[in-house]
Amino acid sequence: MPHSTNKELIFGIMVGTAGISLLLLWYHKVRKPERAMKLPKFLSLDNTFNSITLQDEIHNDQGTTVIFQERQLQILEKLNELLTNMEELKEEIRFLKETVPKLEEYIQDELGGKITVHKVSPQHRARKRRLPTIQSSATSNSSEEAESEGGYITANTDTEEQSFPVPKAFNTRVEELNLDVLLQKVDHLRMSESGKSESFELLCDHKEKFRDEIEFMWRFARAYGDMYELSTNTQEKKHYANIGRTLSERAINRAPMNGHCHLWYAVLCGYVSEFEGLQNKINYGHLFKEHLDIAIKLLPEEPFLYYLKGRYCYTVSKLSWIEKKMAATLFGKIPSSTVQEALHNFLKAEELCPGYSNPNYMYLAKCYADLEENQNALKFCNLALLLPTVTKEDKEAQKEMQKIMTSLKR
């Protein structure tokens with residue numbers, strides 16, 4: 001289901017929910033005419049959140065208001081669960097479409113038929129075994145997966161190794177490196193998109209030797225984040241995100257004053273949230289912000305942190321009222337930020353590292369366009385064109401920049 005269609009479906013259901021709520025309120029008013037109902041004059045989004053609660057809309061009827069809030073939350077949860085299930089169903093249908101046409105040939109080949117055919121690949125069979133386990137939530141299974149793949153506890157190793165292909169380097173004897181040489185090599189390798197897989201394999205080859213070293217631990221978690229970015233398979237992305245998050249959490253427990261541990265825990269929480277229900281998405285968003293702020297205090301000169309903080313602020317500034325209401329219901333306060341705050345963080349990343357990245361320039365252009373400072377927006381679009389396009393994220397940023405430039409020139 002396209003992303004735009006999902007948004008339209010969500011908007012339609014929310015409008016319908018609002019209509020039903022208004023109908024119930026009207027009916028309540030008819031039954032009790034002596035109670036007056038007053039609509040809010042203005043929906044303020046300040047930190048107190050008093051002016052946007054439904055208690056201001058219905059005087060002396062707090063019980064009914066609580067019920068409405070709970071039912072709205074339940075409806076949104078069910079809607080998000082429905083959309084997630086539909087995406088999983090689409091993936092299963094696509095897999096079946098690939099596999100069923102080959103089934104007859106595969107059976108003939110297994111029975112010693114005369115027709116020479118290609119068998120169903122081991123990866124397809126592995127994916128088929130994985131499908132029944134995907135229904136459980138990421139938060140409940142992530143620790144078990146990480147314990148297996150991370151090499152710390154081996155309870156589920158067999159299952160995980162069957163489900164996901166093991167890189168060739170894992171099965172060959174490799175030169176063992178000392179810790180300093182290893183860390184320098186993996187840092188150098190991940191400077192290019194093609195080197196990230198090799199960096200990951202190198203860390204896996206040394207995980208038994210250095211698994212308790214903090215500098216190794218956070219880099220290993222980071223490598224799982226790289227594999228998440230490189231993978232195009234939904235279930236593999238989920239697998240890498242869950243393991244990386246758990247490894248980075250262990251690193252924080254071992255070294256709570258290491259900023260890199262907090263940085264990659266925040267990033268991997270963001271990745272894991274992509275596969276969660278609405279309530280867990282908000283929860284992971286809260287963890288992302290919390291650990292990002294800690295990392296900034298510990299690593300104040302790291303531009304990547306300000307880029308991430310800018311993205312967080314920009315995303316929050318674009319949240320709808322109902323999304324902010326949901327966050328306030330769960331955490332007691334509304335997440336608040338502005339485009340100006342996002343702009344400040346993107347500019348800080350640029351100050352620390354001029355020409356930091358294509359995506360940073362893209363968001364600078366977006367912020368200035370939102371603030372109707374078109375000349376500055378065009379300036380950063382043009383600067384982005386001078387940067388090399390290396391990663392997938394760079395390519396996506398360049399495409400978005402072209403759209404921004406086109407809209408600004410109209």
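The values are calculated or read from the model by the stated rules, or taken from the named source; none is laboratory data. Just so it is clear, the structure is predicted and the values come from calculations on it, not from any experiment. Counting neighbours? That spans all protein chains shown, and the Cβs are built from the backbone with ideal geometry, glycine included. To get the accessible areas, we keep the full protein, side chains included, count just its heavy atoms, and leave off ligands, DNA and RNA. Shrake-Rupley method; radii C 1.70, N 1.55, O 1.52, S 1.80 Å.
When the residues D226, D187 are ordered by accessible surface, computed with a 1.4 Å probe over the protein chains alone, the sequence from largest down reads D187, D226. Computed with every protein chain present, the accessible area of E373 is close to 80 Å² [probe 1.4 Å]. In the frame of its principal axes, the stretch 301-409 has Cα extents of 45, 34, 24 Å, reported largest first.
Charged neighbours of A384, selected by a Cβ distance under 14 Å, balance to 0 (K, R count +1; D, E count -1).
Which of the residue pairs K289/K324; K325/K399; K297/K324 have a Cα-Cα distance greater than 22 Å in the structure shown? Don't jump to the answer; show the numbers that get you there.
Values: K289/K324 15 Å; K325/K399 33 Å; K297/K324 27 Å.
As for pairs spanning more than 22 Å Cα to Cα, those are K325/K399; K297/K324.
Give the separation of the Cα centroids, the stretch 238-299 to the stretch 192-235, in Å. The stretch 238-299 and the stretch 192-235 have Cα centres separated by 16 Å.
Checking the table K238/K318; K185/K392; K348/K409; K309/K348 against a 21 Å threshold on Cα-Cα, which pairs fail? The pairs that break the limit, which is 21 Å between Cα atoms, are K238/K318; K185/K392; K348/K409. Scaling against 2.2 N^0.38 Å puts the C-alpha radius of gyration of the stretch 257-347 at 1.06.
Volume per residue of the convex hull around the Cα atoms, evaluated for the stretch 172-300, comes out as 110 Å³.
Across the stretch 183-222, counting alpha-carbon atoms alone, Rg and Dmax equal 9.4, 27 Å.
So for each of 197-207, 358-368 I average, over its residues, the number of other beta carbons within 10 Å; can you give me the resulting order with the highest mean first? If you can, show how the numbers build up before the last one.
Numbers: 197-207: 19.6, 358-368: 24.2.
Result, highest mean first: 358-368, 197-207.
One decimal place: the segment T84-L385 gains 104.7 nm when fully extended, by the rule 0.36 nm per residue minus the C-alpha distance.
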